[in-house]
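The values are calculated or read from the model by the stated rules, or taken from the named source; none is laboratory data. No experiment lies behind these values; they were computed from the predicted model shown. Positions of Cβ are backbone-derived with ideal geometry, glycine not excepted, and every protein chain shown enters the neighbour counts. Each accessible area value is taken on the protein alone, full model and side chains, heavy atoms only, with ligands, DNA and RNA left out. Shrake-Rupley method; radii C 1.70, N 1.55, O 1.52, S 1.80 Å.
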Amino acid sequence: MGIDVDPNWWKTLFDEIYLITDARSVCDEALTCREIDVICELLPMKASHRILDLCGGHGRHAFELCKRGFTECTLLDYSRVLIDVAKTRAIENNYSVDFIQCDARNAELPSETFDHVIIMGNSLGYIQEPEADIKILTEAYRVLREGGWLLVDIADGTTVKQSFNPNAWHEIGKATVVCRQREIRGDFIRARELVIDKHKGLIRDQTYALRLYDSEALEALFRQAGFSKFNVHINFSPHQSDGDYGFMNNRMIGLGQKD
Ligand SMILES: C[S@@+](CC[C@H](N)C(=O)[O-])C[C@H]1O[C@@H](n2cnc3c(N)ncnc32)[C@H](O)[C@@H]1O
């Protein structure tokens, strides 16, 4: 039997449990540092630049930029839970970040404002309609100033398909087990995730689906959004050890500049 997915799964999955199940990728400060090192190598960044962390989740990239002296960061995400987690951490650490909770397809931000937009950690491909990611990148293009850059860090669909693993499980700490069953249908990977707390029992049984992009499809996306200058870097994996990290170990980075 196939894995059925509610098309609105992405509106509710990104909560406190996600911060546990994906902790190996999104709650590892050394790994986030390595990701920001790569951003700083690829983009002509200055501390005074305005940076939008689009689909920025609980703020790990925006905060690492703050630590490195960047003073004009904005984070936009749909998840109220993750925005609240980020706001609390910003207050505790005195990080100056603006937060916006909304759908990236209609970013509630003025045009021609940002020097750089970053979309990190495989945050595209969640909405089933093919136009959805074009809308997100079109919004990124709109809010960039002339000459500004968009950087997208996303799973490399070619490698994900080649190294496809239909079943995986891992433990988080002593208490939590995450089990994933997966299938590929066309350009979508579908997954069912069971999260078991050894004391409380089953705490999540959720399905989700992701559109996979290869480098050509990513380039087409950038071009449809208006970027005429594009290049891609493949073989990006900030993880230092082998393992099944969901879609987070085989990534590529697309770069586009607004004319
Ligand atoms: C895998 S998480 C990555 C978060 C963050 N970029 C990171 O690397 O830690 C994907 C994020 O994209 C956000 N997201 C997905 N689709 C979105 C949309 N249409 N509008 C706003 N946020 C969205 C989710 O809420 C989630 O926080």
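Things to note:
- For segment 160-201, accessible area per residue (1.4 Å probe, heavy atoms of protein chains only), Å²: 60 Å²
- Apolar share of the accessible surface for the chain: 49 percent from carbon plus sulfur atoms, 1.4 Å probe.
- Cα convex hull of segment 54-152 - mean projected area over all directions, nm²: 6.1 nm²
- Relative contact order, whole percent, for the chain stands at 19, derived from Cα pairs under 8 Å and 6 or more residues apart.
- The listed peptides 223-229, 212-218, ordered by packing as a protection proxy, come out as 212-218, 223-229 (highest mean of other Cβ atoms within 10 Å first).
- Folded to 0 to 90 degrees: helix 215-224 orientation relative to the chain principal axis, Cα: 50 degrees
- For the chain, calculated [θ]222 nm from helices alone, where every DSSP H run of n ≥ 4 adds -39500 (n - 2.57): -8500 deg cm²/dmol
- Taking trypsin sites (Lys or Arg not before Pro) across segment 50-138, the ones in a DSSP loop with at most 13 further Cβ atoms lying within 10 angstrom of their Cβ are Arg68.
- Segment 163-205, relative contact order [Cα under 8 Å, separation at least 6], %: 29 percent
- Convex hull volume per residue in cubic angstrom - Cα atoms of segment 180-251: 132 Å³
- Isotropically averaged projected area of segment 163-205, using the convex hull of Cα atoms (one quarter of hull area), nm²: 3.4 nm²
- Segment 205-235-segment 75-111 distance, computed between alpha-carbon centres (Å): 24 Å
- Among beta bridges from DSSP that stay inside the chain, the antiparallel ones total about 65%.
- Computed over the chain, the quotient of the alpha carbon radius of gyration and 2.2 N^0.38 Å is 0.97.
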